[in-house]
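K.L.:
I am attaching a structure below and will ask some questions about it afterwards.
The values are calculated or read from the model by the stated rules, or taken from the named source; none is laboratory data. Since the structure is predicted, the reported quantities are computational estimates derived from the model, not experimental observations. Every residue, glycine as well, gets a Cβ built from its backbone with ideal geometry; the counts of neighbours run over all protein chains shown. Accessible surface is based on the protein model in full, side chains and every heavy atom, while ligands, DNA and RNA are left aside. Shrake-Rupley method; radii C 1.70, N 1.55, O 1.52, S 1.80 Å.
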Amino acid sequence: MASEKNTPIAWVQDVLEEFWRNSPANRLHPDEHEKAWDRPHLAVAAGNDPWFTQIKDMLGPFYWTPEEAFALAFPEMPAPASELRVISYVLPQTAATRRDQARETQLPADRWARSRLFGEQFNCELRLHLAATLTQAGHPAVAPERLPGFAYRQSERFGLASNWSERHTAFIAGLGTFGLSDGLITPWGKAVRFGSVVTRLELPVSARPYGDDHQAWCLWYARGTCGACVRRCPVNAITTAHGHDKERCHTYIREVTTPYTAERIGAGATPCGLCQVKIPCEARVPVS
């Protein structure tokens, strides 16, 4: 997001970048200095954007709106949705990680697996750091994904889901649209991770360049071409007819890639991500 210096949005970007630049947690290995992620980028959604309640209506009552997540963190001073902003940020995978992952066909590359373990540990710290910095500056903030009640649920309509979706939040904020694999295609590609914070701070709301078309940047949905992510999936969990089979994907991660990664680098990572590289949307928006 372009912004002038000395504005609230520029300050938030500086908070993100300083922590990304200086935190020892932003590493692919605890004993080495290779960064887990490229430079972060952010966008902002209005707390009362209709998409938040629309997603809740689709998924189920367990899903939090920004107003509900904020009230869980600050029950003594709830805020109306109109006064809230949702800061969403994207952490792109590095070129080295994408290059290694593109060579693989069945199991995640070492760098990719480490980004899922150590890189996501950093992402969790970044969420909390941004929320704490905003709160300390007088702008109460919460990272919904870090709330004690965050968990996975079963949506009657969509199956496996959670109280808060970083990808859907990023879509609402204008950072990208969904592809066949359910991954979000951003200006920095699909090989990314997301984080978000809800805050009571007046920030300009980002434009959503694709409007309400949640699949606008996917070549398959936009033009009926591509399908590269279908060919990249080792267990046929992505099809052009039905999109992403979450249960089949989750089973492969739980039964194959997670034990494999635990043996190589330690428990805690749940990686795959083969469908995020060696595809036209790996590091860019393919639809022009």
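K.L.:
Per the Kirkwood formula on distinct C-alpha pairs, the Rh of the range 1-73 is how many angstrom?
P.N.:
Working: mean 1/r = 0.0654 Å⁻¹.
Result for the range 1-73 stands at 15.3 Å.
K.L.:
I would also like to ask the following. Rule-of-thumb check for the chain: C-alpha Rg over 2.2 N^0.38 Å? Show your work: numbers first, answer last.
P.N.:
On the way: Rg = 18.3 Å, N = 288, 2.2 N^0.38 = 18.9 Å.
The chain yields a ratio of 0.97.
K.L.:
Moving on. For the range 188-258 and the range 9-54, what is the centre-to-centre distance using only Cα atoms, to the nearest Å?
P.N.:
19 Å
K.L.:
Applying the Karplus parametrisation 6.51 cos²θ - 1.76 cosθ + 1.60 with θ = phi - 60° to the phi angles of the range 80-92, what ³J(HN,Hα) value in whole Hz is obtained for each residue in order, glycine and proline being reported as x?
P.N.:
x, 4, 5, 9, 9, 10, 10, 8, 10, 10, 10, 10, x
K.L.:
Could you give the Stokes-Einstein D for the range 107-214 in µm² per second, using the C-alpha Kirkwood radius, 10 °C, 1.306 mPa s? It would help to have the intermediate numbers written out before the result.
P.N.:
On the way: Rh = 15.6 Å.
Value of D from the Cα-based Kirkwood radius: 102 µm²/s.
K.L.:
Next question. Would you pull out the residues with amide H under 5 Å of W37's amide H, same chain only if 5 or more places away, H placed 1.01 Å from N?
P.N.:
HN-HN under 5 Å from W37: empty list.
K.L.:
Hey, what number do you get for the chain at 222 nm if only DSSP H runs of n ≥ 4 count, each worth -39500 (n - 2.57), divided across all residues, to the nearest 500? Before the final figure, lay out the partial values.
P.N.:
Details: 11 runs with 96 residues, N = 288.
So the helix-based figure for the chain works out to -9500 deg cm²/dmol.
K.L.:
Here is a further query. Simple spin-label model, 7 Å along Cα-to-Cβ: A132 to R103 in nm?
P.N.:
Modelled inter-label distance: 3.8 nm.
K.L.:
Tell me the angle of helix 120-136 to the major Cα principal axis of the chain, expressed in degrees between 0 and 90 and rounded to the nearest ten.
P.N.:
10 degrees
K.L.:
Once you order the gyration tensor axes a ≥ b ≥ c over the Cα atoms, which shape class does the range 170-288 get: rounded for a/c under 1.5, otherwise prolate or oblate by comparing a/b with b/c? All intermediate terms of the calculation are to be shown ahead of the outcome.
P.N.:
Numbers: a/c = 2.30, a/b = 1.29, b/c = 1.79.
Oblate shape, in that a/c is at least 1.5 and b/c is the bigger or equal ratio.
K.L.:
Right, another one. With r defined as the distance between the Cβ atoms of V205 and A96 and R0 fixed at 45 Å, what FRET efficiency is calculated, to the nearest 0.05? Could you put the intermediate results ahead of the total?
P.N.:
Values: r = 35 Å, r/R0 = 0.77.
In this case the efficiency is close to 0.85.
K.L.:
Tell me, in nm to one decimal, what length is gained between R248 and D57 on full extension, where the rule is 0.36 nm per residue of separation less the Cα-Cα distance? Intermediate results must be reported in sequence, preceding the final value.
P.N.:
Numbers: separation 191, 0.36 × 191 = 68.76 nm, distance 2.50 nm.
That pair, R248 and D57, stretches by 66.3 nm at full extension.
K.L.:
State whether the range 41-81 is rounded, prolate or oblate according to the following rule on the C-alpha gyration tensor (a ≥ b ≥ c being the square roots of its eigenvalues): a/c under 1.5 gives rounded; otherwise a/b larger than b/c gives prolate, and the remaining case gives oblate. Numbers along the way, then the final one.
P.N.:
Details: a/c = 1.98, a/b = 1.13, b/c = 1.75.
Judged from the Cα gyration tensor, the range 41-81 comes out oblate (a/c at least 1.5, b/c at or above a/b).
K.L.:
Here is a further query. Choose one of Q101, P78, P140: the residue whose Cα lies farthest towards the positive end of the charge dipole of the range 52-143 (beta-carbon charges +1 Lys, Arg; -1 Asp, Glu; about the Cα centre).
P.N.:
Q101
K.L.:
Let me ask something else about it. If you count, for each residue, the other Cβ atoms within 10 Å and average over each peptide, how do 107-115, 52-60 line up from highest to lowest?
P.N.:
Details: 107-115: 23.4, 52-60: 16.4.
Most protected by this proxy first, the peptides run 107-115, 52-60.
K.L.:
Further question: In the chain, what cysteines have no partner Cβ closer than 4.7 Å?
P.N.:
C124, C218, C226, C233, C249, C272, C281
K.L.:
Then there is this: So which chymotrypsin sites (Phe, Trp or Tyr not before Pro) in the range 118-205 pass both tests, a DSSP loop state and at most 13 other Cβ atoms within 10 Å of the Cβ?
P.N.:
Values: sites: F118, F122, F150, Y152, F158, W164, F171, F178, W188, F194; in loops: F150, F158, W164, W188.
Here the sparse-neighbourhood loop sites are F158.
K.L.:
Here is a follow-up. Quick check on the range 66-118: take the gyration tensor over C-alpha atoms, sort the square-rooted eigenvalues as a ≥ b ≥ c, and tell me if it's rounded (a/c under 1.5), prolate or oblate. Working shown, then result.
P.N.:
Values: a/c = 4.83, a/b = 3.36, b/c = 1.44.
Since a/c reaches 1.5 and a/b is larger than b/c, the shape of the range 66-118 is classed as prolate.
K.L.:
Tabulate in residue order the Karplus-calculated ³J(HN,Hα) for the range 48-53, using 6.51 cos²θ - 1.76 cosθ + 1.60 with θ = phi - 60°, rounded to whole Hz; enter x for Gly and Pro.
P.N.:
The phi angles translate into 9, 4, x, 4, 5, 6 Hz.
K.L.:
Leaving out ligands and nucleic acids, note down the accessible area per residue over the chain with a 1.4 angstrom probe, in whole Å². Spell out each step's value before the answer.
P.N.:
Details: 13130 Å² over 288 residues.
Result: 46 Å² of accessible area for each residue.
K.L.:
Which loop-located GluC sites (Glu not before Pro) does the range 78-180 contain, where loop means any DSSP state but H, G, I, E or B and the Cβ has at most 15 other Cβ atoms within 10 Å?
P.N.:
Details: sites: E83, E104, E120, E125, E145, E156, E166; in loops: E104, E156.
Loop-located and lightly packed - E156.
K.L.:
Can you list the HN-Hα couplings for the range 20-28, worked out from phi with the Karplus curve (6.51, -1.76, 1.60; θ = phi - 60°), rounded to whole Hz and with x for Gly and Pro?
P.N.:
My calculation for the range 20-28 gives 4, 6, 10, 5, x, 6, 7, 9, 7 Hz in order.
K.L.:
Cα-based Rg (one decimal) and Dmax (whole number) for the range 104-151, in Å?
P.N.:
Radius of gyration, then largest Cα-Cα span, for the range 104-151: 14.9, 49 Å.
K.L.:
What is the extension gain from E18 to S288, computed as 0.36 nm multiplied by their sequence separation minus the C-alpha to C-alpha distance, in nm to one decimal?
P.N.:
Gain on extension, E18 to S288, equals 94.0 nm.
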